[in-house]
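The values are calculated or read from the model by the stated rules, or taken from the named source; none is laboratory data. Predicted model, so just to flag it, every value in this text is computed and none were measured. Don't worry about glycine lacking a Cβ; one is built from the backbone with ideal geometry, like all the others, and counts go over all protein chains shown. Just so you know, the surface numbers come from the protein's heavy atoms only, side chains and all, with ligands and any DNA or RNA stripped out. Shrake-Rupley method; radii C 1.70, N 1.55, O 1.52, S 1.80 Å.
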Amino acid sequence: MAVKKFVVGSFDDEAVLFPAVKKVRAAGYKLHDVYTPFPVHGLDHAMGLRETSLHTAGFVYGITGTTTALSVMGWVFTTDWPMNIGGKPHFPLPAFIPITFELTVLFAAVGMVLTFCYLCQLAPFVKKHIFHPRQTDDLFVMAIEVTGKNGAAELKEFLSSVGAKEVNEQTAETGWWLGRYDQESRLYSEPVTVKA
Amino acid sequence: MHLKYESTLREPLVDGVKDYHQVTEDIISPIEAKPGKLWYIGFFISLVLLGFGAFSVFWEVYFGTGVWNLNKTIGWGYDITNFVWWVGIGHAGTLISAILLLFRQGWRTGVNRAAEAMTIFAVMCAGQFPIFHMGRVWMGFFILPYPNTRGPVWVNFNSPLLWDVFAISTYFTVSLLFWYSGLIPDFATVRDRAKTKLRKLLYGVASFGWTGSTKHWQRHESLSLVLAGLSTPLVLSVHTIVSFDFATSVIPGWHTTIFPPYFVAGAIFSGFAMVNTLLIITRKILGLEDYITIGHIEAMNKVIVLTGSVVGVAYLTELFMAWYGAVPYEFDTFYKYRAAGPLGWSYWIMMSCNVISPQVFWFSKMRRNIMVTFVMSIIVNIGMWFERFVIICTSLYRDYLPSSWGYYRPSWPEVGFYVGTFGLFFTCFFLFAKYFPVIAVAEIKSVLKTTGKSYKDKMGKYEAQEVEAFAHDHAHHH
């Protein structure tokens, strides 16, 4: 992952944030991300983000659970060890329903959470750059990438004009690294090269 | 849950003058402060109970299940009673977090975190009873289906006891995931305002590197919603399956088709009572009265009076069916041995605690009274414990064969084990209250502007204006 240069603006109200996001997109600036302390509904649409397909993944995991349960129980009772239990049939579908249901839910839930963590790059000891310490408290923080097209000064002025309370410039790693929040240093050594 | 605009006529869910930062401050500062004296006393008592429980369990494992007062007639006693009771306690957590999320009930935000924690701890307590009831507990892995070296011997997938294994472990896993995925953003909040290195390290690890990115929030919302959709039928299935342990048998008093809905209602009933017990104490000790308001407590009391009445109808239905079904064994079990026999006292404790006393909650004065609620929450939990005891023991102590009739009273390791699970439950809850955000900070923030008192007060004048303007326009048109 590359280290890039950003202009960061913080807003103290989501009502100011929405028009600002729209103006950033209209002006054609490279909006890196917006960080909010709680899910602000509709912000993803305002930023032009694609709808997540996490729930589709959940459905696929669920179906996997259903088939796993039915096939394992079916195989065990009809093929591997067809035992006569109280004269019951070897493939008693009604009796298989509780376990089938439970495994469907289990596979879907575990699979979705793991996928969520994978997609968002969330795991213990994963460290990411925090643009503003209050972005998880009460500030709505917008990071715009400084590209060749527009200079930092221009972006700063722009952010102030759309209502940002606090504007500054930062160089930051865009991805994640293994590290600890109580330490500044990174655990892997990568030469710090600032892109444009 | 996230309404664009909520009428000022509706009771606010967050009292006092709050902004986003104040919410963080109120909920997270108890984590950063030293716990009070009450916390230490409570935690110490819990540890003592836990220790006594551990000793009782050691005794049982060392000498065998014989130290329990179970016999051929009463094969299930305290152990399964406590198992069903603890599992039931857990159900309110999932109900509050999942079902109320799907039903867009905003009031869940104040109480869901603590309720989910309660679920996890209650299921941990519950699971131990069937495991130690096995006697040779080190053979516990036999209940798992896996290809083994003892020949192709598999577990019996037809058995409700095995369904329990799947149901409880799935329930525990899904509840844990639901709870923890909700905690990640709040841990990040604690991390980002931490002053000490240790706190930064621990909450940094716990928060998985959460930043609050919009894309992450979008996925997080999607995840919560689907997990809620999965947990809703899950919570109903778990207690349904627990009730199958009884309902699929041929013991009079057990094999009734009413069991699944009746058990689920009872579980929600006792679970909400336990949430009330815990939250009344928590809000007082941590000073969270603005977030867990009387309105929240009243809402839970409404659920209690509803489910308590459902349970009451179930008891009466059972009595009716025992008479109407014209099976002499059923009739004897319900009328002669359950309501009137040597264990009849437990039946009447159950009836008065579960059916009669919750009816006080028809009155809003009672629903909104903290002391009444607290006392009732304990009465309900006693009643629900006796319900499980009544179902299990009064059906077993008089069976088809009068020569095997008996009476049941627990031995000290049985009581000790039960007491020990209280120790475990409260030890976990005290640690939770100290080190975790007890209220879902991010979720409160997302409903603050629509349901917060200070915001509603500001909206009040606009609402009055709107009415006038509307009336004016209306008059004009005609």
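Please work out if B:Gly42 is under 24 Å from the mean Cα position of the chain (by Cα), open to solvent by less than 40 Å² (accessible area, probe 1.4 Å) and closer than 30 Å to B:Val311 by Cβ.
Numbers: under 24 Å from the mean Cα position of the chain (by Cα): yes; open to solvent by less than 40 Å² (accessible area, probe 1.4 Å): yes; closer than 30 Å to B:Val311 by Cβ: no.
Against the criterion (under 24 Å from the mean Cα position of the chain (by Cα), open to solvent by less than 40 Å² (accessible area, probe 1.4 Å) and closer than 30 Å to B:Val311 by Cβ), B:Gly42 does not qualify.
For the stretch B:233-242, what are the residues that are facing chain A (nearest Cβ under 8 Å), touching a residue at least 40 places away in the same chain (Cβ under 8 Å) and not β-branched (Val, Ile, Thr)?
B:Leu234, B:Ser237
Exactly one of (1) away from chain A (no Cβ under 11 Å); (2) open to solvent by 40 Å² or more (accessible area, probe 1.4 Å); (3) not acidic (Asp, Glu) is unmet by B:Phe129. Its number?
Result: B:Phe129 fails condition (2) only.
Mind listing whichever residues of the stretch B:166-183 are under 27 Å from A:Ala143 (Cα atoms) and either more than 7 Å from every other protein chain (Cβ to nearest Cβ) or under 17 Å from the mean Cα position of the chain (by Cα) (or both)?
Matches in the stretch B:166-183: B:Gly182, B:Leu183.
So if I check each of B:Phe361, B:Phe425, B:Phe389, which one is over 18 Å from B:Phe129 (Cβ atoms) and buried (at least 21 other Cβ atoms within 10 Å of the Cβ)?
B:Phe361
In the list B:Arg108, B:Arg104, which residue meets the criterion of being more than 22 Å from A:Thr100 (Cα to Cα), at pLDDT below 90 and in contact with a Leu (Cβ under 6 Å, 6 or more places away or on another chain)?
Just one listed residue meets the conditions, B:Arg108.
Tell me, please, whether a residue that is open to solvent by 60 Å² or more (accessible area, probe 1.4 Å) and assigned by TED's automatic domain parsing to the domain that holds A:Tyr35 can be found in the stretch A:62-74.
no
When the residues of the stretch A:77-92 are narrowed to those that are in a helix (DSSP H, G or I) and surrounded by fewer than 20 Cβ atoms within 10 Å (Cβ to Cβ), which ends up farthest from the other protein chains (Cβ to nearest Cβ)? Working first, answer last.
Keep residues of the stretch A:77-92 that are in a helix (DSSP H, G or I), which gives A:77-80.
Applying the additional criterion that residues be surrounded by fewer than 20 Cβ atoms within 10 Å (Cβ to Cβ) yields A:78-80.
On the way: A:Thr78: 11, A:Thr79: 10, A:Asp80: 5 Å.
Ranking the qualifying residues of the stretch A:77-92, first place goes to A:Thr78.
Every residue in the stretch A:34-52 that is more than 18 Å from A:Gly163 (Cβ to Cβ), within 9 Å of another protein chain (Cβ to nearest Cβ) and open to solvent by less than 70 Å² (accessible area, probe 1.4 Å), please.
Correct list: A:Phe38, A:Pro39, A:Asp44, A:Leu49, A:Thr52.
Quick one: how many residues across the stretch B:194-218 are more than 23 Å from B:Ser446 (Cα to Cα), of a type in the set (Val, Ile, Thr) and at the interface with chain A (Cβ under 7 Å from one of its Cβ atoms)?
Result for the stretch B:194-218: 1.
Would you tally the residues in the stretch A:10-30 being open to solvent by 20 Å² or more (accessible area, probe 1.4 Å) and more than 10 Å from chain B (Cβ to nearest Cβ)?
Of the residues in the stretch A:10-30, 11 are open to solvent by 20 Å² or more (accessible area, probe 1.4 Å) and more than 10 Å from chain B (Cβ to nearest Cβ).
Scan A:Ala123, A:Ala109, A:Ala95 and give me the residue that is at the interface with chain B (Cβ under 7 Å from one of its Cβ atoms), in contact with a Ser or Thr (Cβ under 8 Å, 6 or more places away or on another chain) and among the aliphatic types (A, V, I, L, M).
Working: A:Ala123 fails: in contact with a Ser or Thr (Cβ under 8 Å, 6 or more places away or on another chain); A:Ala95 fails: in contact with a Ser or Thr (Cβ under 8 Å, 6 or more places away or on another chain).
Sole residue among the options that is at the interface with chain B (Cβ under 7 Å from one of its Cβ atoms), in contact with a Ser or Thr (Cβ under 8 Å, 6 or more places away or on another chain) and among the aliphatic types (A, V, I, L, M): A:Ala109.
Residues in the stretch B:184-193 that are more than 9 Å from chain A (Cβ to nearest Cβ) and basic (Lys, Arg): how many?
Going through the stretch B:184-193 one residue at a time, the tally reaches 0.
Since B:Gly341 meets every condition but one in (1) modelled with pLDDT under 95; (2) in a helix (DSSP H, G or I), which condition does it not meet?
(2)
I'd like the full set of residues that are open to solvent by 50 Å² or more (accessible area, probe 1.4 Å), within 17 Å of B:Ile241 (Cα to Cα) and within 31 Å of the chain's Cα centre (by Cα), limited to the stretch A:93-111.
Within the stretch A:93-111, A:Phe101 is the sole residue that qualifies.
Any idea which of B:Phe52, B:Phe58, B:Phe43 is assigned to a helix (DSSP H, G or I) and closer than 25 Å to B:Val441 by Cα?
None of the other options fit; the residue is B:Phe43.
Only one of these is closer than 18 Å to B:Phe436 by Cβ and surrounded by 23 or more Cβ atoms within 10 Å (Cβ to Cβ): B:Ala206, B:Ala194, B:Ala267, B:Ala188. Name it.
After applying the criteria, what remains is B:Ala188.
Got at least one residue in the stretch B:219-232 being within 30 Å of B:Lys445 (Cα to Cα), without any contact (Cβ under 8 Å) to a residue 12 or more places away in the chain, open to solvent by 10 Å² or more (accessible area, probe 1.4 Å) and over 26 Å from the mean Cα position of the chain (by Cα)?
yes
I'm trying to understand the selection: among the residues of the stretch A:134-183, which are at pLDDT 90 or above, within 11 Å of chain B (Cβ to nearest Cβ) and open to solvent by 30 Å² or more (accessible area, probe 1.4 Å)?
A:Arg134
Evaluate the stretch A:9-18: report whether one residue or more is in a strand (DSSP E or B) and either on the phi > 0 side of the Ramachandran plot or among the hydroxyl-bearing types (Ser, Thr, Tyr) (or both). Break it down into steps so the answer makes sense when it comes.
So in the stretch A:9-18, the residues in a strand (DSSP E or B) come out as A:9-11.
When the remaining residues are screened for being either on the phi > 0 side of the Ramachandran plot or among the hydroxyl-bearing types (Ser, Thr, Tyr) (or both), the result is A:10.
Among the residues of the stretch A:9-18, at least one is in a strand (DSSP E or B) and either on the phi > 0 side of the Ramachandran plot or among the hydroxyl-bearing types (Ser, Thr, Tyr) (or both), which makes the answer yes.
Examine the stretch B:279-296 for a residue that is open to solvent by less than 50 Å² (accessible area, probe 1.4 Å), closer than 28 Å to B:Tyr407 by Cβ and in a helix (DSSP H, G or I), and state whether such a residue exists.
No.
Return the residues of the stretch B:142-163 that are more than 9 Å from chain A (Cβ to nearest Cβ) and open to solvent by less than 40 Å² (accessible area, probe 1.4 Å); say none if nothing qualifies.
Within the stretch B:142-163, B:Asn148 is the sole residue that qualifies.
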